[in-house]
Amino acid sequence: MRASSLLDQLAERQLLIVTGKGGVGKSTVCAALGRRLARHGRRTLLMEVDPRENLHRLLDVPPSGGEIVPVSNRLALQHLDARSVLDDLVREKLKVRVLADRVLASPVHRHFTEGAPGLKETGVFGRALRLLDGHVPRRAEVPQVVVLDAPATGHGVSWMAAPRLVSDVISSGPIGHMAAEIASFLEDPQRSAVVVVTQAEEMPVQETLELVEEMQRRLDRRPELVVVNGLYPELPADFEPAPDDLLGLLWAQRRTINAREIGRLAESWTGPTVHLPLVAVDGGSALTTAMERELAVQIEAVR
Amino acid sequence: MSAALEAPLVIVVGAGGVGKTTLAASLALDSARRGHDTLAMTFDPSRRLKDSLGVDPDAVTEASVPFNGPGRLAASLLDARQTFDRLVARYAPDEAARQRILTNRFYDHLSGTLAGMLEYMAVERLWEVQSEGTWSRVVLDTPPTRQAIDFLQAPERIVGFLDSGALRIALKPWFDPDGHLRATAKLGFVGRNVEAFFDRMVGLELLRDMAEFFQAFAPLFEGFRTRALEVQRLLRSDRCRFVLVSGPGPERVADTLFFARRLQEAGMRLGPVVVNRVHPEATHDADEQLAGHRLLAWLGRRDRRGVEELRSLLGGSHPLVDLPLLPDEPTDLASLTALGEAFTSRLVD
């Protein structure tokens, strides 16, 4: 039997968390991956939580504004405001309208949900799981895979570790139970996968290595895929730019750094890795198409 | 350093991954080279600034940077929790109260982020440093844009929190000496249900920790509030300048403008806007034979377009500095100095 490709393996997961530092092209990789999974036959929902909507521009669809927006065959997009996810949770648990309004207006609720670490993250994961369980608005399709464009935080692992933190602090009650359930979902590599996006430069590689270590330590798991994005083209053999060839010199220097950092990453990270080139496309869905093509070739080749 | 940066407090803000930390370090170095005793502060947990300044990453207090110049240069890593602990120590009426706060489980888990206290602690430290008067200039690096907005609004949020009813409710004697929830009859039907709701949602144990925390913390709040208002004034005063750093390329323009407007609307003084790591433009196109040449030429045109777009949207009179993509990221004092000089000369142009 033919061994399944990395794409097949990723497509079996219900939740893909795409993480990475700001500026490394995380959203572009998300959009490309979402499109690829949809083309592979999975009903895919791209979920975005950054306060400023971004993904719709990479897919040429109108902004979601909180709704599930169909993008193409089997692909949809949703932007979530973490705050309103928590407010919805209150409305759902407190069925009496006047009480729910009172709680939502209460400064205690506002400051508690704003301040309690991990609550918003847990709420977002909870929403993703509910959608996967079939609780979708009318006329929307139930997704088979949710691809989460996780916000760029200093340390990406804090997002994934949030539900466990919440379930440790809040040991009883519905929130505590929900958090515990989500935490075990996130700790199960059969159901969720983590994709780390980085660039072959010193700081992004350093942070990727720290993230891998931190994931191992706090979640006892490793990423399923590391995407090295924005690589300068390989240098031709014996390439020696003339002293006045400024572009050639810069190319050679940047590519040398790329090669050095790819090597440094490979010393500590031996798991599945794909390399994506810097492409001469401005953005929008043309960029997503170009990246999808590159990504497809590689994740279908990795076994 | 140009007049635009003569302010005693320079706060470097911008999205993640645009080279803010490196730029903050080079501005601090440049300032010290011009004779100002300068402190570079960061609370980026990756401690990149300390790495780039060549100081020991495990040092927790100000470390002086070995450098021969007319001004002194030091770097420090801001640790919110440490600042918070120090604040508790300063305002707590006695040792018992201090211990009660520091050992509270709620403080341990939640206090750091409650109503933005974590960010607030960083600004608080900034205020401390500038009022000590040891440094004639402080250059502060910040977390990425969105968190930076949280960071800058932290004093407002603290004051808002302290003035809101949240605290009054939290300070109610919710628990009797045996740790059971007191009847909250006075709050009436709706109030009882609201409290019962929190009880059901998060469990009694956590509520008890919270109540204890707030009661232990109560004597500190007035000092907090006064200080938060002072910090708020400081950030809006003429002593403070914001340097906004952006990456190159037209797709960054909207984000940069958004943040520039947010700063100005909040009454803060926006100094130079920096477009960092701009690909150079091709001087002639005879070299566009190879893939790398073609890509770099395209990147040069793209980045130029981004800079021009931002310049026109910002308004021609606002100082905008574009810094070229360097062969390698500056990490030593020599390359940081070169970057600082490039910044200064571009600013004067």
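The values are calculated or read from the model by the stated rules, or taken from the named source; none is laboratory data. Note that the coordinates shown come from a computational prediction; the quantities given were computed from them, not determined experimentally. With ideal geometry, Cβ positions are generated from the backbone for all residues, glycine too; neighbour counts draw on all protein chains shown.
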Residue check, residue A:139 free of Cβ contacts under 8 Å to residues at least 24 places away in the same chain and in a loop (DSSP other than H, G, I, E, B):
yes
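Every residue, every condition in (1) β-branched (Val, Ile, Thr); (2) facing chain A (nearest Cβ under 10 Å); (3) crowded, with 19+ Cβ neighbours inside 10 Å, yes or no:
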{"residue": "B:291", "(1), (2), (3)": "no, yes, no"}
{"residue": "B:294", "(1), (2), (3)": "no, yes, no"}
{"residue": "B:305", "(1), (2), (3)": "no, yes, no"}
{"residue": "B:313", "(1), (2), (3)": "no, no, no"}
{"residue": "B:316", "(1), (2), (3)": "no, no, no"}
{"residue": "B:322", "(1), (2), (3)": "no, no, yes"}
{"residue": "B:327", "(1), (2), (3)": "no, yes, no"}
{"residue": "B:331", "(1), (2), (3)": "yes, yes, no"}
Pairs under 7 Å by beta carbon, first residue part of a helix (DSSP H, G or I) in segment B:338-349, partner surrounded by 14 or more Cβ atoms within 10 Å (Cβ to Cβ) and of a type in the set (Gly, Ala, Ser), six or more apart or different chains?
B:339/B:26; B:340/B:26; B:343/B:26; B:344/B:2; B:347/B:2; B:347/B:4; B:348/B:2
Does segment A:183-200 contain any residue that is closer than 27 Å to residue B:297 by Cβ, surrounded by fewer than 22 Cβ atoms within 10 Å (Cβ to Cβ) and within 13 Å of another protein chain (Cβ to nearest Cβ)?
no
Condition set more than 8 Å from chain A (Cβ to nearest Cβ) and either at positive phi or at pLDDT below 85 (or both), scope segment B:266-289, selection surrounded by the most Cβ atoms within 10 Å (Cβ to Cβ): answer is B:277
Is it the case that some residue within segment B:280-300 is basic (Lys, Arg), out of contact with any Lys or Arg (no Cβ under 6 Å at 6 or more places or on another chain) and outside any strand (DSSP E or B)?
yes
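Out of all the residues in segment A:201-214, which are facing chain B (nearest Cβ under 10 Å) and within 20 Å of the chain's Cα centre (by Cα)? Write out each step before concluding.
Start the filter on segment A:201-214 by keeping residues that are facing chain B (nearest Cβ under 10 Å), which leaves A:201-204, A:206-207, A:210.
Answer for segment A:201-214, where residues must be facing chain B (nearest Cβ under 10 Å) and within 20 Å of the chain's Cα centre (by Cα): A:203, A:204, A:206, A:207, A:210.
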Residue check, residue A:31 at pLDDT 85 or above and either away from chain B (no Cβ under 14 Å) or more than 30 Å from residue A:258 (Cβ to Cβ) (or both):
no
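Among the strands (runs of 3 or more DSSP E) contained in segment A:189-303, which hold 2 or more residues that are of a type in the set (S, T, N, Q)?
Those strands (runs of 3 or more DSSP E) span A:192-199.
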Candidate set: segment B:255-265, residues that are surrounded by 15 or more Cβ atoms within 10 Å (Cβ to Cβ) and of a type outside the set (Asp, Glu); chosen: the one nearest to residue B:240 (Cα to Cα)
B:263
Could you say which residue among A:99, A:58, A:89, A:104 is part of a helix (DSSP H, G or I), buried (at least 23 other Cβ atoms within 10 Å of the Cβ), over 14 Å from the mean Cα position of the chain (by Cα) and within 14 Å of chain B (Cβ to nearest Cβ)?
A:58
If we keep just the residues of segment A:252-284 that are closer than 17 Å to residue A:223 by Cβ and of a type in the set (A, V, I, L, M, F, W, C), which is surrounded by the fewest Cβ atoms within 10 Å (Cβ to Cβ)?
A:266
Tell me the residue from B:303, B:349, B:328 that is closer than 29 Å to residue A:242 by Cβ, modelled with pLDDT of 95 or more and out of contact with any Cys (no Cβ under 8 Å at 6 or more places or on another chain), please.
B:303
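Okay, residues lined up against (1) over 17 Å from the mean Cα position of the chain (by Cα); (2) surrounded by fewer than 19 Cβ atoms within 10 Å (Cβ to Cβ); (3) modelled with pLDDT under 90:
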{"position": "A:137", "(1), (2), (3)": "yes, yes, yes"}
{"position": "A:145", "(1), (2), (3)": "no, no, no"}
{"position": "A:152", "(1), (2), (3)": "no, no, yes"}
{"position": "A:166", "(1), (2), (3)": "yes, no, yes"}
{"position": "A:169", "(1), (2), (3)": "yes, no, yes"}
{"position": "A:172", "(1), (2), (3)": "yes, yes, yes"}
{"position": "A:178", "(1), (2), (3)": "yes, no, yes"}
{"position": "A:181", "(1), (2), (3)": "yes, yes, no"}
{"position": "A:218", "(1), (2), (3)": "yes, yes, yes"}
Taking first residues from segment A:246-259 that are farther than 10 Å from residue A:235 by Cβ and within 7 Å of chain B (Cβ to nearest Cβ) and second residues anywhere that are surrounded by 20 or more Cβ atoms within 10 Å (Cβ to Cβ) and acidic (Asp, Glu), the pairs with Cβ under 8 Å that are 6 or more apart or on different chains are A:247/B:287
List the residue pairs whose Cβ atoms are under 6 Å apart, where the first residue sits in segment A:3-18 and is under 18 Å from residue A:31 (Cβ atoms), the second is of a type in the set (Asp, Glu), and the two are 6 or more positions apart or on different chains.
A:7/A:300; A:18/A:149
Tell me, which residue of segment A:155-182 that is closer than 23 Å to residue A:227 by Cβ and in a loop (DSSP other than H, G, I, E, B) is farthest from the other protein chains (Cβ to nearest Cβ)?
A:156
Among the residues listed as A:287, A:211, the single one being in contact (Cβ under 8 Å) with a residue 40 or more places away in the chain, touching a strand residue (DSSP E or B) at 6+ places or on another chain (Cβ under 8 Å), within 25 Å of residue A:10 (Cβ to Cβ) and crowded, with 18+ Cβ neighbours inside 10 Å:
A:211
Can you pull out the residues in segment A:29-45 that are touching an Asp or Glu at 6+ places or on another chain (Cβ under 6 Å) and part of a helix (DSSP H, G or I)?
A:30, A:32, A:35, A:36
Identify all residues within segment A:1-28 that are farther than 17 Å from residue A:131 by Cα, away from chain B (no Cβ under 14 Å) and outside any strand (DSSP E or B); write none if there are none.
A:1, A:2, A:3, A:4, A:5, A:6, A:7, A:8, A:9, A:10
Among the residues that make up segment A:220-233, is at least one of them of a type in the set (Phe, Trp, Tyr) and more than 7 Å from chain B (Cβ to nearest Cβ)?
no
